[in-house]
Amino acid sequence: MSQLQRLLSHELQEAAFPISTAEGLQAFLRSRPEVVGLRTALACGELTAPEVEEFVRELLRSFAAGRKFSDEIVLAAIAVAVETLPGRFSEEYLGALSTLRIKEMPLAPRVASLSRVQRAKRLVGLTERLDVLSVPLPEPGSRPTEFVPVRIDATNDENYRLAS
């Protein structure tokens, strides 16, 4: 059974059914082995973005206006799974899902919006860490200088001082 097919399990659907908030659903899905397995499969290349896109297209064929979309939890689970993964697919999936405003699917778009926020926070954190790790190169012929971080702050360009 593929990682995507595991998202269709009755166990996952039944366990998620009573959750009524996007925050609660996101937290629940993060800890689910089905979601962790999907994230791992995507990160390792066992599963590709086109395969996920095709899977989602198949799910959406059962969408009917005026009736709650039965596979909403699956779409939310995919959003949580891709939230930490780099690449265009993750951003496009989260962006497309988060913009939906339809009564048949109230939670998945909000979970995708929360995942986009988490993704942005991680990116800012990564950018700040990269700023701290970038040390100016010494001038040719000069003696090496040791720099130590003074403060990690995205608003401060003076993050280093000479070691004493």
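The values are calculated or read from the model by the stated rules, or taken from the named source; none is laboratory data. From a predicted model like this one, the values you see are computed outputs, not experimental measurements. Cβ coordinates were reconstructed from backbone atoms using ideal geometry, including for glycine residues, and neighbour counts include every protein chain displayed.
Among the residues of segment 82-95, those that are in a helix (DSSP H, G or I) and among the hydroxyl-bearing types (S, T, Y) comprise S90, Y93. For segment 46-91, filtering for residues that are more than 22 Å from A16 (Cα to Cα), within 11 Å of the chain's Cα centre (by Cα) and free of Cβ contacts under 8 Å to residues at least 40 places away in the same chain leaves 4.
Answer yes or no: is there a residue in segment 35-45 that is modelled with pLDDT of 95 or more, assigned to a loop (DSSP other than H, G, I, E, B) and surrounded by 14 or more Cβ atoms within 10 Å (Cβ to Cβ). No; the residues of segment 35-45 include none that is modelled with pLDDT of 95 or more, assigned to a loop (DSSP other than H, G, I, E, B) and surrounded by 14 or more Cβ atoms within 10 Å (Cβ to Cβ).
For segment 96-140, a tally of residues being modelled with pLDDT under 70, of a type in the set (G, A, S) and assigned to a helix (DSSP H, G or I) returns 1. Looking across segment 16-26, the residues that are loosely packed, with under 14 Cβ neighbours inside 10 Å and at pLDDT 95 or above come down to T21, E23. Scanning segment 49-81 for residues being out of contact with any Phe, Trp or Tyr (no Cβ under 6 Å at 6 or more places or on another chain), surrounded by 17 or more Cβ atoms within 10 Å (Cβ to Cβ) and assigned to a loop (DSSP other than H, G, I, E, B) gives a total of 1.
Scanning segment 14-27 for residues that are of a type in the set (S, T, N, Q) and either farther than 24 Å from Q118 by Cα or not in a helix (DSSP H, G or I) (or both) turns up S20, T21.
Scanning segment 17-26 for residues that are within 14 Å of A81 (Cβ to Cβ) and among the aliphatic types (A, V, I, L, M) yields one hit, L25.
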